[in-house]
Amino acid sequence: MKKLLSVLLIGLSFSATASAAGYPEKPITAVVPFPAGGSTDSIARAIGPKMNQALGQPIVVENKPGATGAIGAGLVKNAAPDGYTFLVASIGVYAVNPFLQKKLAYDPAKDFDLLTVAVRAPNVLVATPNFPANNLQEFIAYLKKNPGKVTFASSGSGSSDHLTTALFWQQTGTSGVHIPYKGGAPAITDLIGGHADVSFQNINVVVGHIKTGKLKALAITADKRAPMLPQVPTLAEAGVKGVDVYSWQAAAAPKGLPKDVKAKLHGAIVGALNDPEIKNRLVEQGFEVVANSPEEFAKFQQQELARWKQVIEVGKITLD
């Protein structure tokens, strides 16, 4: 019996090794848990062709939106850990949903093999051109003189821009009125139209409006000035500490990938991100390519989970 068991174990080990060595032998699915056309979707589609070249198999992007990314993430969690399905998602899926959704179908820290943080982009505090404040100091002073009156538009409750707003209020001792929209586009449209006062928005979606004068930038949430907006100071430069915030996209796979498969998949994703053509295109759109290791991603995720848990609890933030 023991001899038979040993033979079976050896056979299984050989089969797994052979499978890893032959990987990939069919198309690979990249699940994006948001609608097509957004930042996360654009990242998945940008790296797909270069991954195809590296792996010899097409990357099929499937959009599975719903529940702020939780539906798609749950599908990937339940997929076979064979390297043929991976997730491309944003900060909300990996570090925010656990604290806003009571019955989350996945645990972002336990149910995935983390691969890499692909890109990050800071938020910019933008205001309508006729807003009374023209810099951050004036803005904070205005908020303190008018508590609970200034409207802050966001792309939705629990979004990166909403949480940045909450953190900003907490760090500056100010307040305002949160106005959630169903996405960044309608929030920006209303902001330009003068139906909201200010907003923290991803640099890549507002830089064009800033340069044409439709919006004015007061500060950026990066740790240094952005090459796209060198005239805009960071929050820290303007005296507000602890609000260095980036929206980020990352890749992960179902828990339990064979080691060789994980290494090959990670290498293909990172290689695509660092390809000069792809990297330049992403930088021009306002992204900073990160392309780090699984270990670095895991450490970063723990920091983000702790940070946003505190912000959500202190701010009493809900999805309602």
Discussion item. Which residue is most open to solvent (accessible area, probe 1.4 Å), if the candidates are limited to the stretch 136-175 and must be farther than 21 Å from ALA89 by Cα and among the aliphatic types (A, V, I, L, M)?
Written reply: ALA141
Worksheet, complete the sentence: Scanning the stretch 300-320 residue by residue, those of a type in the set (A, V, I, L, M, F, W, C), assigned to a helix (DSSP H, G or I) and crowded, with 18+ Cβ neighbours inside 10 Å turn out to be PHE300, TRP308, VAL311, ILE312
Practice prompt. Would you check which residues across the stretch 24-60 are at pLDDT 95 or above and touching a Lys or Arg at 6+ places or on another chain (Cβ under 6 Å) and list them?
Written response: VAL31
Worksheet entry | Residue list for the stretch 176-215, filter: over 27 Å from LYS145 (Cβ atoms), touching a Ser or Thr at 6+ places or on another chain (Cβ under 9 Å), of a type in the set (Gly, Ala, Ser) and surrounded by fewer than 21 Cβ atoms within 10 Å (Cβ to Cβ) | GLY183, ALA185
Response to the item:
Restricted to the stretch 281-299 and to residues being open to solvent by less than 60 Å² (accessible area, probe 1.4 Å) and part of a helix (DSSP H, G or I), the residue nearest to HIS266 (Cα to Cα) is PRO294
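Find the strands (runs of 3 or more DSSP E) located wholly in the stretch 158-275 whose residues include 3 or more that are over 29 Å from ASP107 (Cα atoms) and modelled with pLDDT of 95 or more, and list them. Lay out the reasoning, then the answer.
Working: elements: 177-180, 198-202, 216-220, 246-254.
Hits in the stretch 158-275: 216-220.
The values are calculated or read from the model by the stated rules, or taken from the named source; none is laboratory data. Here the structure is a predicted model, which is why all the values come from computation and not from measurement. Heads up, the Cβs are rebuilt from the backbone with ideal geometry, glycines too, and the neighbour counts pull from every protein chain shown. Surface areas here come from the heavy atoms of the whole protein model, side chains and all, with no ligands, DNA or RNA. Shrake-Rupley method; radii C 1.70, N 1.55, O 1.52, S 1.80 Å.
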